[in-house]
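Following: one structure in structure tokens, then a few remarks.
Just so it is clear, none of the values below were taken in a lab; they were calculated from the coordinates. Remember, predicted model here, so these are calculated numbers, not experimental data. Positions of Cβ are generated from backbone atoms using ideal geometry, with glycine treated the same way; all protein chains shown enter the neighbour counts.
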Amino acid sequence: MPLEGLHQIAEHVHDVFETIDVAREKALSTSRELIRVSATAIKHVHRGEYEEYQDQIETGGQLARVLRETADEHDDLRAAGFVTDAMKEYAEALITYAIVREQPLPSLDTEGLDAASYANGLAEAVGELRRHVVDSIRHGEIAVSEQRLDEMDEIYYALMAFDFPEGVTRGLRRRTDSVRALIERTRGDLTLAIRQQELAAAMEKLETKLQNRTADSAT
């Protein structure tokens, strides 16, 4: 019979699909939680709440391990968009903290990150550095802002070297283009802040000079 064994094959396929579906739901739930935890960790970095960051990133590390183990069991999940997005967010949190705290960047092997998630997380971290620059400008910390801008430039040039197909880098080209635009906006903001600072210093110097001249005339 041509269809001999069809019933058994269909049952096997059904079991495989069911197993993948259960794993997919687990991975999807874990991905959502990892994204939430990573975003909270980044928020704590911007607020200077580093102990709270450590609590969140520890939870993130546990979630990342669960997600990685679940995805590794099924080829269909390993490259799923929601998995790579979650790992990207986790990488972004780790990288942002390391740069702001002036610590070594996290390694791929230590954190169990794949190359595409790490590279895209690095690109996303530039947006967080821009926010740090803006906050530093607001507090009059021009030197810190200049350092962060230099780091943004370094990241951009590193990303430019990854000239590979989108299927390999998973959206990195688009994010790299966004990084360039962010850097130019940030450079403009910082240049304006420096000029305002220089103008304020010149005005203060002139005011002091005029006050001294007035005092001399009075005597």
With R₀ set to 22 angstrom, the calculated FRET efficiency between the beta-carbons of ALA161 and ARG78, to the nearest 0.05, is 0.30
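If region 8-105 were replaced by its equivalent ellipsoid, with semi-axes equal to the square roots of 5 times the Cα gyration tensor eigenvalues, what would those be, largest first, whole Å? Each step should come with its number before you reach the end.
Working: eigenvalues 231, 24, 15 Å².
Output for region 8-105: semi-axes of 34, 11, 9 Å.
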For helix 172-218, what angle does its Cα long axis make with the longest principal axis of the chain, in degrees from 0 to 90 and rounded to 10? 20 degrees
So what's the Cα pair-distance distribution over the chain, bin width 5 Å, in %? 1, 7, 12, 14, 14, 12, 9, 7, 5, 5, 4, 3, 3, 2, 1, 1, 1, 0, 0, 0, 0, 0, 0, 0, 0
What percent do you get for the relative contact order of the chain when only Cα pairs under 8 Å and 6+ apart count? 15 percent
Could you give log10 I(q)/I(0) at q = 0.11 Å⁻¹ for region 54-137, computed by the Debye formula over C-alpha point scatterers of equal weight, without solvent? -0.31
Counting Lys +1, Arg +1, Asp -1, Glu -1, what net charge surrounds HIS46 among other residues with beta carbon under 11 Å of its beta carbon? 0
Net charge of Cβ neighbours under 12 Å - reference LEU77; Lys, Arg +1; Asp, Glu -1: -3
State, to one decimal in nm, how far the label point of LEU6 lies from the label point of ARG174, with both points 7 Å from Cα in the Cβ direction. 4.2 nm
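Note the full-extension length gain between HIS139 and ALA98 as 0.36 nm times their separation in residues minus their Cα-Cα distance, in nm to one decimal. Walk me through the numbers on the way to the answer.
Working: separation 41, 0.36 × 41 = 14.76 nm, distance 2.12 nm.
Length gained between HIS139 and ALA98: 12.6 nm.
Local charge sum around ASP114 (other residues, Cβ-Cβ under 12 Å, Lys/Arg +1, Asp/Glu -1)? Walk me through the numbers before you get to the answer.
Working: positive: ARG68, ARG78, LYS88, ARG170; negative: ASP72, ASP109, GLU111.
It works out to a net charge of +1.
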